[in-house]
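First the structure, in the form of structure tokens, and then the observations on it.
Only the coordinates and a few stated rules stand behind these numbers; no lab work does. None of these values were measured; they are calculated from a predicted model. Note that each Cβ is placed from the backbone with ideal geometry, even for glycine, and that neighbours are counted across all protein chains shown.
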Amino acid sequence: MIDKLKFYIDGAWVDPAAPSTLGITNPATEETFARISLGSGHDVDRAVTAARRAFSAYSEVGVEERLSYLHRIIDGFKARLPELARTMTLEMGAPITFATERQATVALFHFEEAARVLARYQFEEPMGPGIVRREPIGVCGLITPWNWPLNQVASKVAPALATGCTVVLKPSEIAPLSAMLLAEIIHDAGLPAGVFNLVNGDGPTVGEAIAAHPGIDMVSITGSTTAGVRVAKLAADTVKRVAQELGGKSANIILPDADLKAAVIAGVHACYTNGGQNCQSPTRMLIPRTLRDAAFSAAREAVATIRLGDPLDPATTMGPMVSQAQFEKVQALIQSGLDEGATLVAGGTGRPAEVNHGYYVRPTVFGDVTPQMRIAREEIFGPVLSIISYDTEDEAIDIANDTPFGLAGFVQSRDREHARAVANRIRAGRVYLNGAPFDRSLPFGGYKQSGNGREFGVFGFEEYLEVKAILG
């Protein structure tokens, strides 16, 4: 049993104000392998007090010194990357190869990107009769999820530290251990006491205390739309800045001139990234109605290549859902697809035949899905793809936009200009054309109920800055 019962506050690992422990479950074995403490409002108060005190000095630290801190964090991260990856495999089930090449590596990229932006960023510029100056916003409360437990932490912590802010972090209580390792790396980098603080806990207690705390100037949350709404309401009383990266139900429009087989196979695998526990996954595949049978065949071919199994086996390509609750949610939504009359192309309810324990879900594809079915409207957060047929391009775009979400979109066409014209009509914060790779220098964030604000690159950097005009 791994015990991680302390919080990182004011430069030291300290006991919680009141003892309350939670077991951390390995979703592949269903066994508890670690324990953490659950914090309280008192612990948040301590962390905010430390961050508030540290801010006055850290906000004045020069660019070169902040860069030196970031580079030391980067070096420490690289040295412990295998340990970070393995920890995420244990706490949330990501296959070790994926955890190493994607989960841990993309988290590292956020620190590297923050350093790149900081090195060339102009914090002051003349404008008209005055000067526009950008200053760190202050103490930042950061609330992060379990599906990319280190990536989402890094996407917030890195720009916050780079801009001169101080931090109170609440990682997900389901997968907190990798964030605690990052706290050790940050401590070893020598940041002044109080600049970075970590308090574990659940959303209704620690998350809400952070959102409502008058000593916090900004709160950034990645999570469900329901959680984002709650945080925004609590933050409103103190008029703090709120940045939200929330749910998604992204559409993948395959146009008639695309290479259908290649596009469908790639689309299935993109939907199943991280076991489908991915907010921007293209979970709605839109295909020309005349290509229905060929699309179904290609989808079955893609599913057949997936290897489920022990996440610590480098050959495994899909692990379990993160928890029993997530497993049950996905099962219920698969059943709803069957009940509402969708055609089961692959997968279905129940555990895969090759595993008899762990929160594994059968990779599932539904065809003949209509836009009003639950599987076409709700964020499933599991390996479930809905194939929706369309007759005209305008209809496809209408279906893509007929969702309360707007995080991402995908378009496939042999004609790049045509794909671009369709992309312009999709109401989402990011659109990928023809399998374009993920990029961390370009802004990431949503329209509508997928949130507000942006992360990554210079746009994410500026979320943590206030704008001051100096005249005369």
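Assorted remarks:
- Cβ charges +1 (Lys, Arg) and -1 (Asp, Glu), total dipole of the chain, debye: 300 debye
- A DSSP coil position with no more than 13 other Cβ atoms inside 10 Å describes the following trypsin sites (Lys or Arg not before Pro) in region 292-369: Arg307.
- Where Rh is the Kirkwood radius over Cα pairs, Rg/Rh for region 230-277: 1.30
- Shape category assigned to region 294-338 from the gyration tensor of Cα positions, a/c cut at 1.5: oblate
- Distance between region 320-367 and region 224-251 - C-alpha centres, whole angstrom: 29 Å
- Share antiparallel - DSSP beta bridges, region 251-440, percent rounded to 5: 15 percent
- √(5λ) per eigenvalue of the Cα gyration tensor, the chain, largest first, Å: 38, 27, 19
- Principal-axis tilt of helix 105-120 within the chain, Cα atoms, nearest 10 degrees: 50 degrees
- Degrees between helix 41-58 axis and first principal axis of the chain (Cα, 0 to 90, nearest 10): 70 degrees
- For region 101-241: rounded, prolate or oblate by the Cα gyration tensor [a/c cutoff 1.5]: oblate
- For region 251-440, the Kirkwood radius over C-alpha pairs fed into Stokes-Einstein at 10 °C and 1.306 mPa s yields D = 96 µm² per second.
- For region 222-320: rounded, prolate or oblate by the Cα gyration tensor [a/c cutoff 1.5]: oblate
- Euclidean distance between Cα centres, region 47-81 to region 97-112, Å: 20 Å
- Rounded tilt (10° steps) of 324-339 against the dominant C-alpha axis of the chain: 30 degrees
- Proximal charge balance of Thr163 [Cβ under 15 Å; K/R count +1, D/E count -1]: -2
- Taken about its Cα centre, region 251-440 carries a charge dipole of about 320 debye when Lys and Arg each add +1 at the Cβ and Asp and Glu each add -1 at the Cβ.
- Here the sum of -39500 (n - 2.57) over DSSP H runs of 4 or more residues, divided by the residues of the chain, equals -11500 deg cm²/dmol at 222 nm, to the nearest 500.
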